[in-house]
Amino acid sequence: MKLVIKTVTKPGSTRANKTGAWRSFMPVFDHKLCSKCGICAIYCPEGVVYKLENGFFEPDYEYCKGCGICANECPKKAIKMVLEGK
Amino acid sequence: MITIKELPDENLFTAGHTACPGCGVAMSIRNAIRVLGKDTSVYVPASCAVVFGTTFPYGAWKVPFFHTAFENTGACITGMQAAFEKKGKKVTAVGFAGDGGTYDIGLQSMSGAAERNEDVIYICLDNEAYMNTGIQRSGGTPFGAWTTTTPVGTKVQGNRRFKKNLGEIVAAHEIPYYATLSIGHPLDFIRKVEKAKNIKGFRFLHMFTPCIPGWKMDPAKTVEVTKRAVESGMWTLYEVENGEKKITFKPGKMKSVRDYLMMQGRFRHMSDEDIKKLQMWVCKKWNLHYKEKGAPEVCEIVPPEEHHAVTEEHREMHGP
Ligand SMILES: Cc1ncc(C[n+]2csc(CCOP(=O)(O)OP(=O)(O)O)c2C)c(N)n1
Ligand code: SF4
Ligand code: SF4
Ligand code: SF4
Ligand SMILES: [Mg+2]
């Protein structure tokens, strides 16, 4: 009998899964309302809300699944969930 | 103490993992590993986290990762830590197990590691049922909750047992550190993970992690529901350090358990009678928990003169 053992060897390789395709609503960030608190970045289950050089935050749409948590938690109501393709 | 702003930006649990949108387990893992840092080696038993974090041939972890079976988290992290010590490596073995893998099948293995005071961190991701295999009831499932093994019918509606008090069981091992955490309270969350990281011996972090399909809820409400859980007393935030219990967050005013329940489809069938039963259980827990010596009863939902009824009902259901 031949024993075949397969292992996952590349750390962080799930980045090959572009989970942004799962999304039906996309979060749109309005920097005019944003207070740069960073709450959206903490709560994003995908860890794809990033701080820009100017201190504002933007999601990486390649991976954002559109769960809506960032929009629900933003204290400034600076994030709107918009239907994809609109 | 580390603050949110000082947390490293690098994701040690990367995007592209396949958890459901809004998953409370993914959110907790991601933030915990950010605090624990690179000198960590992770073990995950059979659970959602092993499936969505390491879907073959990909892996989300950027720290060494190990997986074998379902029931052995305590034993595996013990062995990993022993190997690191033998090799002189300054690495901490951390186990991330589900509630099924901790309250039920993994209890013996966890208890052994706790009793030996192994120098490891045990994290329980409590989503209150066996989610990975399609939502079966566990010892962590609350009273009234629908699961596939506690269905809603004409005779019985949902789970008949109350959530097992795992905190008391773990703390009874007289370990250096046990804490309950909620991702809806990130400052408290980060402080506790950081604290556990710097203690020697067996550390247990008990995380409350909402599950979207299992709780039948809106994915946008993951954080909101954990906040409601704490405000109603369904989840309490505390830590036990060397036998000394300390409340780390006390909600201002107790909110009715109904607000929490109605956010989730798994509870929406509950009769007024069942909701009252659960409310009484919560009131009792709340009073035990938040009452300082000599202070009046703090539960404001059910009047104190009715509290003896809770004890009576409890006896009827569970024996003396
Ligand atoms: C000994 C054994 N029994 C059953 C299973 C099937 N199984 C895999 S994951 C799982 C449920 C895990 O539930 P929990 O620990 O609560 O983690 P969750 O998926 O909810 O995060 C079960 C029953 C198994 N892998 N091994
Ligand atoms: S939560 Fe809202 S206000 Fe805070 S940084 Fe994000 S977008 Fe800005
Ligand atoms: S919608 Fe969800 S996945 Fe997308 S950026 Fe917001 S929190 Fe992250
Ligand atoms: S079933 Fe629940 S715990 Fe599992 S990935 Fe989905 S939301 Fe997370
Ligand atoms: Mg579970």
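The values are calculated or read from the model by the stated rules, or taken from the named source; none is laboratory data. Here the structure is a predicted model, which means the values were calculated and not measured. Please note: Cβ atoms are built from the backbone with ideal geometry, for glycine as well, and neighbour counts cover all protein chains shown. These accessible areas exclude ligands, DNA and RNA; they are computed on the full protein's heavy atoms, side chains included. Shrake-Rupley method; radii C 1.70, N 1.55, O 1.52, S 1.80 Å.
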query = Since B:E6 meets every condition but one in (1) modelled with pLDDT under 95; (2) in contact with a helix residue (DSSP H, G or I) (Cβ under 7 Å, 6 or more places away or on another chain), which condition does it not meet?
reply = (2)
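In the set B:I123, B:I105, which member is under 17 Å from B:A26 (Cα atoms), β-branched (V, I, T) and more than 16 Å from ligand 2 (Cβ to nearest atom)?
On the way: B:I105 fails: under 17 Å from B:A26 (Cα atoms).
That would be B:I123, the only listed residue that is under 17 Å from B:A26 (Cα atoms), β-branched (V, I, T) and more than 16 Å from ligand 2 (Cβ to nearest atom).
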request  = Determine whether the stretch B:214-223 contains at least one residue that is away from ligand 1 (no atom under 16 Å from the Cβ), farther than 19 Å from B:W146 by Cβ, part of a strand (DSSP E or B) and not small (G, A, S).
outcome  = no
ask   = Across the stretch B:224-269, what is the number of residues that are assigned to a helix (DSSP H, G or I), touching a residue at least 60 places away in the same chain (Cβ under 8 Å) and of a type in the set (V, I, T)?
value = 1
task = Go through the stretch B:246-273 and count every residue that is surrounded by 12 or more Cβ atoms within 10 Å (Cβ to Cβ), modelled with pLDDT under 95 and not β-branched (V, I, T).
result = 7
inquiry  = Based on this model, can you work out whether B:P210 counts as open to solvent by less than 50 Å² (accessible area, probe 1.4 Å) and over 18 Å from the mean Cα position of the chain (by Cα)?
reply    = no
query = Which residue, of B:G112, B:G88, B:G74, is under 17 Å from the mean Cα position of the chain (by Cα) and either in contact (Cβ under 8 Å) with a residue 12 or more places away in the chain or farther than 22 Å from A:T7 by Cα (or both)?
reply = B:G74
note = Inside the stretch B:52-74, the number of residues satisfying the requirement of being outside any loop (DSSP other than H, G, I, E, B) and open to solvent by 80 Å² or more (accessible area, probe 1.4 Å) is 1
Selection within the stretch A:32-63 - part of a loop (DSSP other than H, G, I, E, B) and within 16 Å of ligand 4 (Cβ to nearest atom) = A:C44, A:P45, A:E46, A:G47, A:Y63
inquiry  = I need a count of the residues in the stretch A:33-50 that are free of Cβ contacts under 8 Å to residues at least 12 places away in the same chain and either surrounded by fewer than 19 Cβ atoms within 10 Å (Cβ to Cβ) or under 23 Å from A:L83 (Cβ atoms) (or both).
reply    = 1
inquiry  = Cβ-Cβ under 6 Å, sequence separation 6+ or interchain: first residue in the stretch A:70-81 and within 11 Å of chain B (Cβ to nearest Cβ), partner part of a strand (DSSP E or B) and open to solvent by 20 Å² or more (accessible area, probe 1.4 Å). Which pairs?
reply    = A:A71/A:M81; A:I79/A:F29; A:M81/A:F25
inquiry  = Looking at the stretch B:135-154 only, could you name the residues that are open to solvent by 30 Å² or more (accessible area, probe 1.4 Å), assigned to a loop (DSSP other than H, G, I, E, B) and in contact with a strand residue (DSSP E or B) (Cβ under 9 Å, 6 or more places away or on another chain)?
reply    = B:R137, B:W146, B:T148, B:T149, B:P151
task = Mind telling me which of the residues A:Y50, A:Y61 ends up being of a type in the set (F, W, Y) and farther than 26 Å from B:V42 by Cα?
result = A:Y61
query = Just checking, which of B:T248, B:T226, B:T236 is under 14 Å from the mean Cα position of the chain (by Cα) and farther than 27 Å from B:P21 by Cβ?
reply = B:T236
ask   = How many residues, within the stretch B:119-134, are in contact with a helix residue (DSSP H, G or I) (Cβ under 8 Å, 6 or more places away or on another chain) and open to solvent by 40 Å² or more (accessible area, probe 1.4 Å)?
value = 2
key: Residue check for A:A71: open to solvent by 10 Å² or more (accessible area, probe 1.4 Å) and over 21 Å from A:G12 (Cβ atoms)   = yes
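Can you find a residue in the stretch B:128-140 that is within 13 Å of ligand 1 (Cβ to nearest atom), within 30 Å of B:E10 (Cβ to Cβ) and more than 14 Å from every other protein chain (Cβ to nearest Cβ)?
The answer is yes, given that some residue of the stretch B:128-140 is within 13 Å of ligand 1 (Cβ to nearest atom), within 30 Å of B:E10 (Cβ to Cβ) and more than 14 Å from every other protein chain (Cβ to nearest Cβ).
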query = Which of the residues spanning the stretch A:30-71 are among the small types (G, A, S) and on the phi > 0 side of the Ramachandran plot?
reply = A:G38, A:G47, A:G55, A:G66, A:G68
inquiry  = Here's a check for you: in the stretch B:19-49, which residue that is more than 11 Å from chain A (Cβ to nearest Cβ) and part of a helix (DSSP H, G or I) is surrounded by the most Cβ atoms within 10 Å (Cβ to Cβ)?
reply    = B:A49
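For (1) open to solvent by 40 Å² or more (accessible area, probe 1.4 Å); (2) within 16 Å of ligand 4 (Cβ to nearest atom), each residue gets a yes or a no:
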site: B:C76; (1), (2): no, no
site: B:G100; (1), (2): no, yes
site: B:V156; (1), (2): yes, no
site: B:H173; (1), (2): yes, no
